[in-house]
Each structure stands twice: as C-alpha cells, then as structure tokens.
Amino acid sequence: MEYIRFENITKIFGETIANSNVSFSINKGEVLSILGENGSGKTTLLNVLGGIYQQDSGKVYVNGEEVVIHSPKDAYDHGIGMVHQHYKLVEAFSAIENVVLGLSKQALKKIYERIDGEPTKKRFVRCSISQSAQYAKKMCDHYGFAFDPNKKIYDMSVSEKQTLEIIKALFRGVDTLILDEPTAVLTIQEIKHLFTVVKNMKKDGKTVIIITHKLNEVKEISDRVVVMRKGEYIDTVNTKDVDEETLAEMMVGKKIDLDIHRSDIPPSGERLIVEHLTVNDREGNVALKDINFTLFGSEILGIAGVSNSGQRELLEAISGLAKDREGNITFINPKEGKPVTFFHKDIKQIKALAEQGKFHYEDGSPVSLKGKTIKEITKLVNEGKILFYENEIIDLTNKEPLEIRNLGIKLSFVPEDRLGMGLVGNMNLVDNMLLRSYRKGKGRILKKEKSKELAERIVEELDVKTPNLSARVAELSGGNIQKLLVGREISSRPKILMVAYPVRGLDINSSYLIYKLLDEQKQKGTAIIYVGEDLDVLLALTDRILVLSGGEIAGIVDSRKTTKEKIGMLMSAKKGESDA
Amino acid sequence: MNYVVSFLSLAIKFATVFLFGATGEIINQKSGHLNMGTPGIMYLGALGGIIGERIYLDSIPAGAPLNPFMIVFLPLIFSILFGAIGGAVFSFFTVTLHCNQNVTGLTLTTFGVGLACFFIGTMDTSRMPEAGLAMQHAFPNYAAAGWFGEIFFSQSWFTYLGVVVAIVAAIILKYTRVGLNLRAVGENASAADSAGINVNRYRYISTIIGGAITGIGGAFYELDNVKGMFNVADGVDAFGWLALCIVIFSMWKPLIAIGASFLFACLSIAPTFFAPYLGGAGYVSYILKLTPYLATVIILIIVSIYDKKNQPPANLGVSYFREDR
C-alpha cells in the first residue's frame, strides 16, 4: 500500500544540485533503506520530508494527498518524525524535558489519551513534567526501552541519546520514523539493540526509513532498498532479491572491489618504542596503564577496543597532546645514510653533531666541520653532501606537540565533529590546506600556490565532490570533508601516521580509497597506527592488532593469524580476569 | 546610622535601573540573542519616558497639581513602547535579515544613544523636576516604618515593579512550558525547531519583551534619578553596559540579578556618596568608581574557571536558519 510518495523532487543549494527529479514511493509498515554514497542527496531528500528543507520543485504526497511540510512541526502533524545524524537534543536539559519540548497542553492531552488507549475522563489534565514522565515511562515499557527521565543529556552516551530521540518521536505518536545514518557512531552491540528496536516498531505497524551507506545493514534490516546516486534516484529493489555486490554497483555506478588490499612487505626497522606509558585523563583518572609496544616502519598497527578504552589517550600521548603522563616514548628517525637538512636542525646543532662524529660523506669518509665557515657548511648541507651514520634516536617524552609534528609524526584524528577539529567550516578548501602549512613559508605574506596545488590534487585523487576550490568547507557533505582532512595529513609525507576512525561516516568508495591510501603509505615505509571500529577492516588491513581493554593492553596479535572472535574476547577481557 | 539608611535607600533606587536592564537582557539572552543593544535600548526607553511625561505635562493646565498615577503611567507606557521597538529592530535584523548579532547590537546602541540624546536635548524641561519629585515615593507615609521604611518603602513604583518583573521572569523561565521552550531555543535552536517550536517567533517575542523591560529602566533613571535634569543625564548607556555585566554576574538568573543589581548599585554610588567624607583624598573616589567594573572582571574569571554548571545558553549569539548547512 502506497503511503508516502515523492514526485520530481528537486533541491538546489547555491550551485550544488542536491536532488534532481527524485520520484519514488514508500509503503506503509515497511522498513525502507535509502542507500547512497555521501553527497548522493539522501539526507537532503528526507530532510524535505522531515520539514527541515523546502523542495525547490516537486511534490510530496502522504496517503494520496499532496502535503506541504514547512517545518518539523508540520512533519509531526503528518505523523513523520526524524532522528538526525547529529542529534537534536538540548544538552543542558533532562531526558523528559527534551521529550516534551514544544508540546502544547492539548497535544500532551492527546498523547496521554493515546498511551492510555482511551479518552481521558478527567476534565483537567495535569501536564506537569512529572506527569509526562510517567506516561513516557509507560510507553517505553511497551517498547522495551530503558528510560531515566531525569538524566541530563550531557551525561548520556551516544546510544542513549539516539534512543531518546526515538522515544521523543514515538511519544509524539509518529507513524513514520526517519533514521539518518543511525549506526554511524554506535558499537556492534548498540547496533544490534537498535535493530531490535526497529523490528519492534515494524511489528507495531510503524514505517521506518533508514538512511545509510552500509550494505550489510541494508541486507540485515530492510524490506526494500531505494538506491540514490549523485542526487538522482536510481532504482528500488526488494532486499532479498539482491546481493551486496549488486547493491554496491548500483550505489557507486561501477563495479567495485570489496576486498581490502594488504601488501605483504617485511617491516623495516623499529620506528617508535613505547615503554611503561601511563596516562591520566583530564579528570585525573588513569586512562592508560603501563603500555609497552614497538611500532615498525612499513607496518600498519591496528588498535582495537570498545570505545573509551584509552585509544584517544594513546594517540594524544604520542603526539604530545596529553600532558599528564609517565613512561618513555622514543622515536627512531630513519636517518641512516640520509642527508642532514636545516629543516629540524640549525647550524649549531649540525656542528655539534659533527663533533660527535655522527656524519659521513657520500664516499664514506667521516665529516669534520672544523675550520669551515658557516657559508661552506650551509652549502654542503644544502647540496645534501653530509649524511648520517645511523638512525637518530629522539626521546619524545618532553617534546611539544609542534616539535613532534615537525619530526614527521602526524596525527589525523577524525572526530565525530569533523568541523570542530581540524578544519574551519567557513574557510574555503585552499585556505584549509594552508592551515597546516602556513608556518613553513618565508615572509609575512601567505603564499597560496602550493596549497592550491595540494587542494587540487586531493580533490582529484580522492574524488572530493565540491563545486570548486573556493567553496566553503561547511558546504561539503560530511564524507567529503573527511576526505579532505585525511588527505591533507597523508599529503605531508609523515614518518609515523596515526589515524583514528578515518572512515567513520564515509561511504564505501571513499572508505576503500582511504584503505588504499594507507596501504600505499605503508609501502613507502611509513609506520601507521590505525584506530578502528570495524573488526573486519582491522583484520584485513592491518599487520598487527593491539587490543586495548580498560586502558591496558589485552594483547597484541598477528592480523593474519587471528579471528574476529578472538579479538572480541580480548576486547571485553579485563586484565585481572584473564590473569586469574 | 542616617548615612547608612540614605545610602541604602539610594542604592536601591539605582539598583532599579540595573535590575530592569539585567532582567530584560536575561530574557533576551535566554532566547540566544546576545543583545548588545541594551545601552541603546535603555536610552530609547529614556526618550520614551520623557516623551510620555511631556505629553502628560502638556495636557494639564499650567500650575495644576500632578496626578501621581498618570505621572508614572504615561512614561511607563511610552518607555515600554520605545524599548519594545528597540527589541523589534534587533530581532528584525538578526532573525529576519540574518545579520550578525554583535554588529547589530552595537549599532543599535550607537543609534539609540545618538537618537535619544538628540531629542532629549531639544525637550522642554519645564515642571520636569517637579514631576520627578511627584513620582519619587510610592508610599508617601514610608517614614512611619522607621529606618526600614526609609530604605524599603521610600521607593518609587518603578522599583517594586522591577522586583515583581524579575520574580515573574524567574518563575516563567524556570517553571513554565513557555520558559522551557524559550530556554531550549537559546540552548539549541535546531533542537527546539525540530521539536516543533517556532524559533523565530520565540526570539522575536522574547527580544521585544526584553527590550520593553530594559526600556523601563532607562526611563526610570531619566525621570526619577536625575529628576528630569537631562543635561546631567549622560550615562544611561553606562547603566546598560553594567546591566550586561550583571547578567553574567547573576549567571542568567533573574532572582540573583536582584541582589547583583543592588551590589552593583552600591559600588556605583559609593564614590559620589562618600566623596564629601573623604576630604582631600580625591583619588579614592576614582578607585571606588572603578570597583563595579573590576568586580565584574573578577566574577567573570571566577565563574568561568570554577562554575561549570552555570554556563551561558549554549547557542548564545548564534543565529539560526533552518536551511543552513
């Protein structure tokens, strides 16, 4: 039975066409996936239904009647609720305050009657917060949600917030619930829980629309799939009739290889040695305890663990951002046989090192700079004639983050809020590239040519969808912003590259592109630390996996010889328990 | 003892100006509008108050006795009207025309100060001091209650109105559905919007109401505190800026603003009040004049370091347009 129908919806933002002539229909009581890559216009389209955007042309029908949805309130009036990717909750409020927000007395009365299942006999209905909390609890019991009405949003986990958003919509009595990328920030267990909720809602006769780019989830949960690409509607298929490969091909528009390539090259020498590292977090609690490991060149070391097991603190400690720490972190700069440069050392340091006999000429004879003028030395260094005998061993323990960065230890942390860390939304692509490199240029005037070249290269190589290079970054879709962020870090030719959740929220094509880029970096000799969530990817991409559990190392395993189950066990194992 | 009584009584009078300004601004800021036009709106309110009073004075025969109700009522209505217009202008620019809130607010201040000063300067001041005296005491028999009466019952209707407005504002913000919705708009406008709240309407109305309340403060200062002697009235805007400080000082709570206004008033009048007793040490009065500003800075530092709970509304100063990406 046709329930909602889009007819020739077109939505344009400035120069970007987000949706062009999209038409399809949604049946009552089904779970429908809207599948598409980032920037394919799926969120925009459903935002039209949710009342956030107004279409530029085209019509929306609900139950056969044309409707105009001006605001989220209009959407609710038509029984449509939306859970956005970035939750729309007031952080300073309690759960129940968020649930009843914006509801009038009359609306609450109707809701009470619906939950009671009978018209209220009372002439006056109390609409106090506590009364509403009782009704919300009653409804949650029906669906099997845990609900603490007085818990503040800022005390909630991501998953709790999402559940609250769903409760909020259900409390308002929606028939249709739109979930925008609901699994993007959830753990495996939380995703399982969410899917149970979705199934319960379906049993209850609700229509659920899931916006996603994850093929396995589409297969698992949905009845039908609408595929979108580049703002256009491609096709609708019954989930049981297609396999993941076909869906991926429809989504991307060409055949794509769903295998992750891992080049088998032997690791080169030691690159980073972490000994007895203990880190306290900002509240002074122990976040990491006695961490010991060695990272090699040409290696991808995966870090696995449930969220907040100390992944963030580990990366921050290495990059010099975590201040409250003990233990040694040693960086072995692969300098053997390489020329010394003025990039990290000034002439004084070079002279001192020469005194200690650290350098040799190309023919192997030792370097003595005694009696040479500064001009002569500068010339020799600039020509690359002075070479290191051995690797440089640098203690990172007390170095500033900027010094560590300059040594070639790059951290690309992709946070949930991509624009908050790393990129400036209101600046254009070129200027964002410049943010990392502006210190390098000479003189006070910024030189934009290099940044422009870099931006051009990243846009081309990573297939970033942008109208042009002078577009504001905030105008790009989330996935494209992320590609820029990762691309910029990789482009700086790091010696150690640390990436955290680099594919979070990215579509298949971009994810595989990122995996490929990381593997290429590994081939070039870079040591890579990859903090990831998806165990399948960790197993396929990395060489070794370090499993963190409660801030301690639960084990370091060889990715080629282990299984998902074993890592899962290590992740949940408490150090004390496994010893016992 | 007498000094203390008259000092406190005067402080309460000055606190009234602060309280209107602070309560108005709190209502503004709770909706997410960082209205830096408060000093200008105060001046506009002052202009309105004087126009109201002039209209009344011109409508009665020369030498006729002043009606104690009308002498308060007309200026009040006009100051509310002028203040509300100030708030409406601010909302029009920030909500409808999507202008930057800081720029709009500062412009409004410059505009309000200039406009009001220009017109106030051309005003006919005859009988104004008399009118100022007539509205000075809400309860003419205050002296019957001794020193307590001197301090608390000697005030004008404006003062009692100010306290009532602050208490009502506190109750509405904290305990009502409208208050919850308003706070949501200031905390997270997009969340409020998706919950079905009309963000623009809430911002418009709250800013207009806040402007109206702020305007009363300006009128009261002009009409009562300086008793219509406008040539010495420069400095209404100083009250406006300090009102902005009080908003932060009181951590966006109108009830605390009552006490904070009183404290700021004490600090403001202390230099002038104690000058005669300080003798030759004139510099002390300059130091005293500095204290309210210094106190604000210190409180700001303390609050931002140690008080993580009483933070400003999260979306303060952030304009909201639904289709923004």
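The values are calculated or read from the model by the stated rules, or taken from the named source; none is laboratory data. Owing to the predicted nature of the structure, the values given are computational and were not obtained by experimental measurement. Counting neighbours? That spans all protein chains shown, and the Cβs are built from the backbone with ideal geometry, glycine included.
Quick notes on this structure:
- Given (1) crowded, with 22+ Cβ neighbours inside 10 Å; (2) away from chain A (no Cβ under 14 Å), index of the condition B:A189 fails: (2)
- A single entry from A:Y53, A:Y3 fulfils the requirement of being more than 15 Å from A:I209 (Cα to Cα), crowded, with 17+ Cβ neighbours inside 10 Å and modelled with pLDDT under 95: A:Y53.
- Screening B:H98 against (1) under 19 Å from B:D58 (Cβ atoms); (2) over 21 Å from the mean Cα position of the chain (by Cα); (3) touching a residue at least 60 places away in the same chain (Cβ under 8 Å) leaves a single unmet condition, (1).
- Number of positions in the range A:46-72 that are in contact with a strand residue (DSSP E or B) (Cβ under 8 Å, 6 or more places away or on another chain) and away from chain B (no Cβ under 14 Å): 11
- Of the criteria (1) touching a helix residue (DSSP H, G or I) at 6+ places or on another chain (Cβ under 9 Å); (2) not in a helix (DSSP H, G or I), which one B:G149 fails: (2)
- Strands (runs of 3 or more DSSP E) wholly inside the range A:209-295 containing at least 3 residues that are under 24 Å from the mean Cα position of the chain (by Cα): A:224-229
- No other residue among A:S559, A:S549, A:S491, A:S578 is over 30 Å from A:R457 (Cα atoms) and modelled with pLDDT under 85 apart from A:S578.
- Put simply, of B:A219, B:A169 the only residue that is away from chain A (no Cβ under 14 Å), closer than 25 Å to A:C127 by Cα and buried (at least 20 other Cβ atoms within 10 Å of the Cβ) is B:A169.
- Among the candidates A:E533, A:E520, A:E489, residue that is within 30 Å of A:K255 (Cβ to Cβ), touching a residue at least 12 places away in the same chain (Cβ under 8 Å), part of a helix (DSSP H, G or I) and not polar (S, T, N, Q): A:E489
- Looking only at the range A:49-92, and only at residues there that are over 23 Å from A:T183 (Cβ atoms) and hydrophobic (A, V, I, L, M, F, W, C), the one that is nearest to the chain's Cα centre (by Cα): A:V90
- The range A:183-208: number of residues that are buried (at least 18 other Cβ atoms within 10 Å of the Cβ), part of a loop (DSSP other than H, G, I, E, B) and modelled with pLDDT of 90 or more: 1
- Condition met for A:E113 (in a helix (DSSP H, G or I), more than 14 Å from chain B (Cβ to nearest Cβ) and modelled with pLDDT under 90): yes
- B:S126, sole failed condition from (1) under 30 Å from B:A62 (Cα atoms); (2) more than 18 Å from the chain's Cα centre (by Cα); (3) modelled with pLDDT of 95 or more: (3)
- Filter pass, A:L538 being farther than 21 Å from A:V185 by Cβ, part of a helix (DSSP H, G or I) and within 20 Å of the chain's Cα centre (by Cα): no
- Checking B:F73, B:F93, B:F18 one by one, the residue that is at pLDDT 90 or above, of a type outside the set (G, A, S) and buried (at least 24 other Cβ atoms within 10 Å of the Cβ) is B:F18 and no other.
- Checking each residue in the range A:235-260 for being within 19 Å of A:K42 (Cβ to Cβ) and among the acidic types (D, E) picks out A:D235, A:E244, A:E249.
- The residue pairs whose first member lies in the range A:302-331 and is assigned to a strand (DSSP E or B), whose second member is among the polar types (S, T, N, Q), and whose beta carbons are closer than 6 Å, counting only pairs six or more residues apart or on different chains, are A:G302/A:T542; A:I303/A:Q311; A:E326/A:T278; A:G327/A:T278; A:N328/A:T397; A:I329/A:T397.
- When the range A:6-34 is limited to residues that are in contact with a Leu (Cβ under 9 Å, 6 or more places away or on another chain) and within 14 Å of A:V208 (Cα to Cα), the one that is surrounded by the fewest Cβ atoms within 10 Å (Cβ to Cβ) turns out to be A:I26.
- Exactly one residue out of A:E37, A:E30 is more than 13 Å from chain B (Cβ to nearest Cβ), under 29 Å from A:N216 (Cβ atoms) and under 22 Å from the mean Cα position of the chain (by Cα): that is A:E37.
- The range B:34-72, residues that are under 22 Å from B:T214 (Cβ atoms) and free of Cβ contacts under 8 Å to residues at least 12 places away in the same chain: none
- Only one entry in A:L164, A:L215 is surrounded by 19 or more Cβ atoms within 10 Å (Cβ to Cβ) and over 20 Å from A:G81 (Cα atoms), namely A:L215.
- Residue in the range A:172-180 that is more than 21 Å from the chain's Cα centre (by Cα), more than 14 Å from chain B (Cβ to nearest Cβ), at pLDDT 90 or above and surrounded by fewer than 21 Cβ atoms within 10 Å (Cβ to Cβ) present: yes
- Scope the range A:73-93; condition in a loop (DSSP other than H, G, I, E, B) and at the interface with another protein chain (Cβ under 9 Å from one of its Cβ atoms); matching residues: A:H84, A:H86, A:Y87, A:K88, A:L89, A:V90, A:E91, A:A92, A:F93
- Selected residue (only one of B:I26, B:I41, B:I51 is under 19 Å from B:A166 (Cα atoms) and in contact with a Pro (Cβ under 9 Å, 6 or more places away or on another chain)): B:I26
- Filter result for A:N150 (farther than 24 Å from A:M201 by Cβ and either within 11 Å of another protein chain (Cβ to nearest Cβ) or touching a strand residue (DSSP E or B) at 6+ places or on another chain (Cβ under 7 Å) (or both)): yes
- If you filter the range A:94-107 down to residues that are without any contact (Cβ under 8 Å) to a residue 60 or more places away in the chain and more than 9 Å from every other protein chain (Cβ to nearest Cβ), you find that the one that is farthest from the chain's Cα centre (by Cα) is A:Q106.
- Checklist (1) hydrophobic (A, V, I, L, M, F, W, C); (2) under 30 Å from A:A95 (Cβ atoms); (3) surrounded by 13 or more Cβ atoms within 10 Å (Cβ to Cβ); (4) more than 14 Å from chain A (Cβ to nearest Cβ) applied to B:A131, failing item: (2)
- Among the residues of the range A:176-190, those identified as closer than 25 Å to A:Y76 by Cβ and of a type in the set (S, T, N, Q) are A:T176, A:T183.
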